[in-house]
Structures are given as structure tokens and as C-alpha cells.
Amino acid sequence: MNVEAPRGKTVVVQATDIRKRYGGVVALDGVSLTVEEGEVFGIIGPNGAGKSTLFDVLCGITKPTSGQIEVLGHDVGTMTPHLVARAGVARTFQRTAVFGEATVYDNLRYGRHASFTHSVAGRIVGSSVYRREQAAFHHKAEEVLALSGLSDDRARLGNVLAYGVQRRLAVAVALMSEPRVLFLDEPAAGMNGRETADFISLIETIAPGRTVVIVEHDMTVIKALCGRALVVVDGRPVVVDAPERVFKHAEVISAYLGAEDE
Ligand code: ADP
């Protein structure tokens with residue numbers, strides 16, 4: 001497991017001195033981090049520490065008050081979420097973002113959206129671009145269904161799936177865009193032990209060849225998957241280290257103990 005960012009590798013996510021203020025609330029107070037190609041990188045911290053805000057800033061959903069974010073060499077702070085997606089970045093949401101009235105298979109279409117270039121007219125007349133993109137979609141969908149263990153669920157509606165399966169579908173949707181960088185926002189929240197174990201093996205399967213950034217409360221997930229984790233406390237970065245070592249840092253211990261007392 002890497003503790004140091006591997007040397008000589010490509011930097012995929014670079015955040016420099018990120019600050020985010022909501023009125024009088026300072027959610028992020030000078031966070032910098034570097035994630036290198038191929039890493040599974042964790043972001044942890046007590047409730048209210050700023051993890052979700054950092055996550056949203058890193059994937060371009062929220063603009064920082066100041067600071068720079070580069071993902072795959074793109075200045076995310078100035079890009080729309082759609083352009084960030086086109087650049088090879090995908091994310092899952094904290095709350096399950098599965099369309100309940102659509103089948104598993106149709107949910108996968110939403111993940112492919114950013115890469116479709118055919119026009120509405122092209123779809124109606126069945127243009128060659130449309131047919132080519134449909135063929136690519138079906139091919140990718142089969143691969144993703146198999147990878148995420150959802151092949152037998154393809155015709156089921158999103159709203160009848162067990163919670164853990166919905167979360168897997170959310171990852172499957174993200175994989176449809178063939179992302180080089182995958183951001184996962186508290187993917188195991190609300191899962192039981194079995195679902196968490198299944199989820200960990202799904203991420204282990206899909207991580208090779210990508211860079212993955214996970215915000216997660218559940219330390220089982222962070223320890224199982226992440227080479228390094230950043231601990232955020234009160235909007236500040238406290239330590240980046242191997243997950244099993246971060247809890248040896250005094251400031252991390254007291255922040256977590258303080259949070260338990262509240
Ligand atoms: P975490 O994900 O670690 O629980 P958050 O990023 O959600 O922390 O929140 C960090 C701080 O910023 C908290 O004090 C929270 O109340 C505040 N905050 C987050 N989002 C908003 C918002 N949209 N408006 C005002 N304050 C916010």
C-alpha cells in the first residue's frame with residue numbers, strides 16, 4: 001500500500017489552498033491535496049468537517065471561494081459539471097441517484113449521456129452516428145452489467161431494487177462514461193455489513209486503470225480500499241497517511257473524540 005504519493009506518476013487531482021465560505025461559515029479553510037493516477041484516495045473526518053463540501057468542489061459541483069482545482073489537467077473551478085463529465089470524471093451522489101421508474105438498463109443510458117453526439121433528428125431517422133452510438137452503448141452496458149453483478153437485474157425497475165443494489169447501480173451508471181477518475185460520495189452510507197462487503201469487492205474490481213476518490217464515514221471501507229486518506233477537521237487538512245495510521249495522530253484522535261461527545 002502506498003503511503004506517499006507514488007513518485008513519477010501523473011497527478012490526476014490537484015487542489016491548492018481551497019477555501020469555501022457560506023456566509024459566516026467557513027466550510028473549507030485552506031485544503032490542498034494531490035491524488036496520483038491509479039490511487040484509491042480517501043477523504044475522512046468527523047461530521048461537519050467539510051468533506052461533502054470538498055467533494056463537491058473537487059468534482060466541480062460547487063465553486064470554491066478561492067483556490068485552484070485541476071482534475072486531469074482541467075481547471076475544474078471554471079468548468080460546468082457537463083464539461084467536467086466530458087473530461088473523463090464521474091461521480092456518485094450521497095443520496096441514491098437512481099431513477100426508480102426506469103429499468104436498470106435504462107438507468108445506464110443516463111451515464112452515457114455526456115458522450116452522445118447524435119442529434120434528435122438523427123435519432124428519429126436512425127442516422128449512422130445514432131446507430132454507432134447505440135451499438136457502443138449496448139456493448140458498454142453489457143460489460144458494465146457483468147462487472148457490477150447486475151446482469152440478472154437489467155429489466156427490474158430502480159425502485160424495487162434492494163438498497164445495496166441501488167448503490168451498485170449508481171456506480172454502474174458512473175462507469176458508463178468510462179471515467180478515468182471516479183468520485184464516490186459516502187458510497188456505503190446506510191448499507192448493512194453484507195452490502196458493504198459486496199460494495200468493497202465491486203470497487204476493488206473496477207479500480208484498476210482508474211483513479212478513485214472516496215468520501216466515507218465507514219472506516220472499514222477506507223481501510224479496505226484506500227492507500228492514503230486525508231483527514232479533514234473543521235475545514236482544515238490535518239494529515240494524509242495510510243488509513244491504519246491516521247488515527248495515531250493526536251489531532252485526529254481528539255477531533256473524533258470531541259465529535260463523539262457532542
Ligand atoms: P461533512 O460532509 O464533513 O459533514 P459539510 O461539508 O457538509 O461537512 O459541511 C461543512 C460545514 O459547512 C458545516 O458547518 C455545514 O453546516 C456548512 N455548510 C455546508 N453546506 C452549506 C450550505 N449550503 N450553506 C451553509 N452552510 C453549509
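The values are calculated or read from the model by the stated rules, or taken from the named source; none is laboratory data. Model, not experiment: these values are computed from the prediction. We place every Cβ from the backbone using ideal geometry, glycine too, and count neighbours over all the protein chains shown. Ligands, DNA and RNA are excluded from the accessible area calculation, which covers all protein heavy atoms including side chains. Shrake-Rupley method; radii C 1.70, N 1.55, O 1.52, S 1.80 Å.
Below is a table of values for the structure above.
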read-out: FRET efficiency, A135 to Q68 (Cβ-Cβ, R0 35 Å, nearest 0.05); value: 0.30
read-out: Convex hull volume per residue for the range 196-236, taking Cα atoms only, in Å³; value: 73 Å³
read-out: Computed log₁₀ I(q)/I(0) - Debye formula, equal Cα scatterers, no solvent, the chain, q 0.07, 0.13 Å⁻¹; value: -0.25, -0.86
read-out: Equivalent ellipsoid semi-axes, the range 168-262, via Cα gyration tensor eigenvalues times 5, rooted, Å; value: 26, 15, 12
read-out: Radius, Kirkwood style, for the range 23-114 when every pair of distinct Cα atoms is counted (Å); value: 15.1 Å
read-out: Radius of gyration and Dmax over the Cα atoms of the range 116-235, both given in Å; value: 17.1, 56
read-out: Mean accessible surface per residue for the chain, computed with a 1.4 Å probe while every protein chain stays in place, in Å²; value: 47 Å²
read-out: Area accessible to solvent at M219, 1.4 Å probe radius, in Å²; value: 40 Å²
read-out: Area accessible to solvent at S151, 1.4 Å probe radius, in Å²; value: 40 Å²
read-out: Too-long pairs where the Cα-Cα distance tops 28 Å, listed order kept, from K51/K223; K63/K140; K51/K248; K9/K223; value: K63/K140
read-out: Under the span-like rule (Cα at least 24 Å along the axis, Kyte-Doolittle mean at least 0.5), DSSP H helices of the chain; value: none
read-out: Using distinct alpha-carbon pairs, which all enter the 1/r mean, Kirkwood radius of the range 26-180 in Å; value: 17.4 Å
read-out: Förster radius 22 Å - calculated FRET efficiency between Y105 and R194 (Cβ-Cβ, nearest 0.05); value: 0.30
read-out: Cut-off of 10 Å, at most 11 other beta carbons, DSSP loop: longest stretch of the chain lacking such trypsin sites (Lys or Arg not before Pro); value: 96-247
read-out: Theoretical FRET efficiency, 1/(1+(r/R0)^6), r = Cβ-Cβ of A146 and A250, R0 35 Å, to 0.05; value: 0.15
read-out: Neighbourhood net charge (13 Å Cβ-Cβ; Lys/Arg +1, Asp/Glu -1) for V215; value: -3
read-out: Antiparallel bridges, percent of DSSP beta bridges restricted to the chain (to nearest 5); value: 55 percent
